[in-house]
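Enquirer: Take this structure first; my questions come after.
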Amino acid sequence: MIQELNIVHVDPKGLTEFENAFAKARELLLHCPGCLGAGLLRSIEVAGKYLVRVDWAELSDHVDRYPASAIAPQVRALLAPHIKAIDPGHFQQVAP
């Protein structure tokens, strides 16, 4: 399993809107082949900072299949208007 972990910054005035948009995007993502789960964590130190986690069976599920899917533009349309900055990355667990 590969975890896509994105630190995102949103306008602190739009936190509820972003969280609602993520809930809708999550439901779409869960229908994407290879997506095993997704979650959202809010920073307790920095207003508007989140960690977006998407679990993929394989890296190719995210970098090859997902962008070519009909789901990708829908997810972008939901989330992009809220995101001011993003720091993306892919990770694999190496220790419990």
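The values are calculated or read from the model by the stated rules, or taken from the named source; none is laboratory data. Because the structure is a prediction, the values reported are computed rather than measured. Please note: Cβ atoms are built from the backbone with ideal geometry, for glycine as well, and neighbour counts cover all protein chains shown.
Enquirer: Given the condition at pLDDT 95 or above, closer than 17 Å to Leu29 by Cα and touching a Phe, Trp or Tyr at 6+ places or on another chain (Cβ under 9 Å), answer yes or no: does some residue in the range 69-76 qualify? Break it down stepwise before answering.
Expert: At the first step, the residues of the range 69-76 found to be at pLDDT 95 or above are 69-76.
Checking the rest, the ones that are also closer than 17 Å to Leu29 by Cα come to 69-76.
After this cut, where a residue has to be touching a Phe, Trp or Tyr at 6+ places or on another chain (Cβ under 9 Å) as well, the list is 72, 75.
Yes: the range 69-76 contains one or more residues that are at pLDDT 95 or above, closer than 17 Å to Leu29 by Cα and touching a Phe, Trp or Tyr at 6+ places or on another chain (Cβ under 9 Å).
Enquirer: Take the conditions out of contact with any strand residue (DSSP E or B) (no Cβ under 8 Å at 6 or more places or on another chain), surrounded by 15 or more Cβ atoms within 10 Å (Cβ to Cβ) and hydroxyl-bearing (Ser, Thr, Tyr) and apply them to Ser60. Does it pass?
Expert: Values: out of contact with any strand residue (DSSP E or B) (no Cβ under 8 Å at 6 or more places or on another chain): yes; surrounded by 15 or more Cβ atoms within 10 Å (Cβ to Cβ): no; hydroxyl-bearing (Ser, Thr, Tyr): yes.
Against the criterion (out of contact with any strand residue (DSSP E or B) (no Cβ under 8 Å at 6 or more places or on another chain), surrounded by 15 or more Cβ atoms within 10 Å (Cβ to Cβ) and hydroxyl-bearing (Ser, Thr, Tyr)), Ser60 does not qualify.
Enquirer: Tell me, yes or no, whether the range 41-55 has at least one residue that is farther than 19 Å from Met1 by Cα, exposed (fewer than 12 other Cβ atoms within 10 Å of the Cβ), of a type outside the set (Gly, Ala, Ser) and in contact with a strand residue (DSSP E or B) (Cβ under 9 Å, 6 or more places away or on another chain). Walk me through how you get there before you give the answer.
Expert: Within the range 41-55, the subset farther than 19 Å from Met1 by Cα is 41-50.
Still in the list and also exposed (fewer than 12 other Cβ atoms within 10 Å of the Cβ): 44-46.
Now restrict to residues that are of a type outside the set (Gly, Ala, Ser): 44-46.
Restricting the remaining residues to those that are in contact with a strand residue (DSSP E or B) (Cβ under 9 Å, 6 or more places away or on another chain) gives 46.
Yes, some residue in the range 41-55 is farther than 19 Å from Met1 by Cα, exposed (fewer than 12 other Cβ atoms within 10 Å of the Cβ), of a type outside the set (Gly, Ala, Ser) and in contact with a strand residue (DSSP E or B) (Cβ under 9 Å, 6 or more places away or on another chain).
Enquirer: Name the pairs whose Cβ atoms lie under 9 Å apart, with the first residue in the range 7-19 and more than 13 Å from Leu78 (Cα to Cα) and touching a residue at least 12 places away in the same chain (Cβ under 8 Å), the second assigned to a helix (DSSP H, G or I) and of a type in the set (A, V, I, L, M), and 6 or more positions between them or separate chains?
Expert: Close Cβ pairs satisfying both conditions: Val8/Leu79.
Enquirer: Hey, another quick one. Can you go through Leu28, Leu5 and tell me which one is of a type outside the set (Phe, Trp, Tyr), farther than 15 Å from Ala80 by Cβ and in contact with a Leu (Cβ under 9 Å, 6 or more places away or on another chain)?
Expert: Values: Leu28 fails: farther than 15 Å from Ala80 by Cβ.
After ruling out the rest, the residue left standing is Leu5.
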